[in-house]
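> Got a structure here, written out as structure tokens. Questions coming.
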Amino acid sequence: MNPRLALRIGTLLAAVVLGFYALGQWMAGQDGPRTLDWYGDYEEHLWEPLRSGNLTLARTDAALGMGRLWMISADGAPLLVSRYRLESDGQVWRLQGVVALAEQQMASLVQAQAWTPGMTDQAVSPAVAAGLSGHLLERVSVIPEEAVEVRFIQGTFGNPDMRMEVRPGDEAWIYGRAGAVVAVNGELAHSIMFGLRPQ
């Protein structure tokens, strides 16, 4: 065989082998664990302070931009929440933090809003938010616009410490170290709630 032709064939074969190797590496990366960027991005400013019981409304607003306060009905009881919008990991996420209020403060707010059980969500004046800026958030829920594959959850948090069946097909994945509970259905995660504390 002509040495020049042999060199060309050898070079072509090497390029094909390298191409298949690169494709295999890329596919392995696609199938492997993937992390959710927002979790790492806000670890210092949100998740760590929430775990230690030091996350205030003002601190959350500083991290995510000014939120909007709402009075909502949760199982017939009033809750004051602050809502945020976040773009990360190729989609939009809604964040909702529950503001801790003393019983008397909640009673005053219920009266001011003329709130009754079962009412639709009511916007609360921004002036109220200014007065509550030092209040703590009890928990924060993170809800994707479109459910995410559980491999992103496992890539971010690892395997859950516990899986609890909520109803047939629905599970709660509990992560003690992260203080998180993930709502899972099949291979999809629909929400992540932070604020779980050890008993």
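> Of all residues in the stretch 22-39, how many are part of a helix (DSSP H, G or I), modelled with pLDDT of 95 or more and open to solvent by less than 60 Å² (accessible area, probe 1.4 Å)? If you could, list the steps in order and put the result at the bottom.
Step one: list which residues in the stretch 22-39 are part of a helix (DSSP H, G or I), which gives 22-31, 37-39.
Okay, now just the ones that are also modelled with pLDDT of 95 or more, so 37-39.
With the extra rule that they be open to solvent by less than 60 Å² (accessible area, probe 1.4 Å), the set shrinks to 38-39.
Residues meeting the conditions: 2.
> Answer with yes or no whether E48 is acidic (D, E), open to solvent by less than 70 Å² (accessible area, probe 1.4 Å) and under 18 Å from M193 (Cβ atoms).
Numbers: acidic (D, E): yes; open to solvent by less than 70 Å² (accessible area, probe 1.4 Å): no; under 18 Å from M193 (Cβ atoms): yes.
Spelling it out, it is not the case that E48 is acidic (D, E), open to solvent by less than 70 Å² (accessible area, probe 1.4 Å) and under 18 Å from M193 (Cβ atoms).
> Restricting to the stretch 51-65, and then to whatever is of a type outside the set (S, T, Y) and touching a residue at least 24 places away in the same chain (Cβ under 8 Å), can you tell me which residue is surrounded by the most Cβ atoms within 10 Å (Cβ to Cβ)?
From the stretch 51-65, those of a type outside the set (S, T, Y) are 51, 53-55, 57-59, 61-65; that's our starting set.
Next, only the ones that are touching a residue at least 24 places away in the same chain (Cβ under 8 Å) stay: 51, 53-55, 57-58, 61, 64.
Numbers: R51: 19, G53: 12, N54: 11, L55: 24, L57: 22, A58: 14, D61: 16, L64: 20.
This residue is L55.
> So, restricting to helices (runs of 4 or more DSSP H) that lie completely within the stretch 43-158, which ones have at least 1 residues that are under 30 Å from E187 (Cβ atoms) and out of contact with any Pro (no Cβ under 9 Å at 6 or more places or on another chain)? It would help to see each step written out before you state the result.
Numbers: elements: 48-51, 57-64, 103-113, 126-131, 150-157.
Where helices (runs of 4 or more DSSP H) fall fully within the stretch 43-158 and carry at least 1 residues being under 30 Å from E187 (Cβ atoms) and out of contact with any Pro (no Cβ under 9 Å at 6 or more places or on another chain), they are 48-51, 57-64, 150-157.
> Check off (1) loosely packed, with under 15 Cβ neighbours inside 10 Å; (2) more than 24 Å from S52 (Cα to Cα); (3) touching a strand residue (DSSP E or B) at 6+ places or on another chain (Cβ under 7 Å) for Q111 and give me the number that stays unchecked.
Here Q111 meets the rest and fails (3).
> Then there's this: Considering only residues that are outside any strand (DSSP E or B) and open to solvent by 70 Å² or more (accessible area, probe 1.4 Å), look in the stretch 159-199 and name the one that is nearest to E146 (Cα to Cα). Before the answer, list the steps.
Within the stretch 159-199, the first condition is being outside any strand (DSSP E or B), and the residues that meet it are 159-161, 168-169, 176-179, 186-187, 195-199.
Adding the requirement that they be open to solvent by 70 Å² or more (accessible area, probe 1.4 Å) leaves 159, 161, 168, 177, 187, 197-199.
Details: N159: 22, D161: 25, P168: 21, R177: 26, E187: 13, R197: 27, P198: 30, Q199: 32 Å.
This residue is E187.
The values are calculated or read from the model by the stated rules, or taken from the named source; none is laboratory data. Source: prediction; values computed, not measured. Note that each Cβ is placed from the backbone with ideal geometry, even for glycine, and that neighbours are counted across all protein chains shown. Ligands, DNA and RNA are stripped out before the accessible areas are found, and what is left, the full protein with its side chains, is counted by its heavy atoms. Shrake-Rupley method; radii C 1.70, N 1.55, O 1.52, S 1.80 Å.
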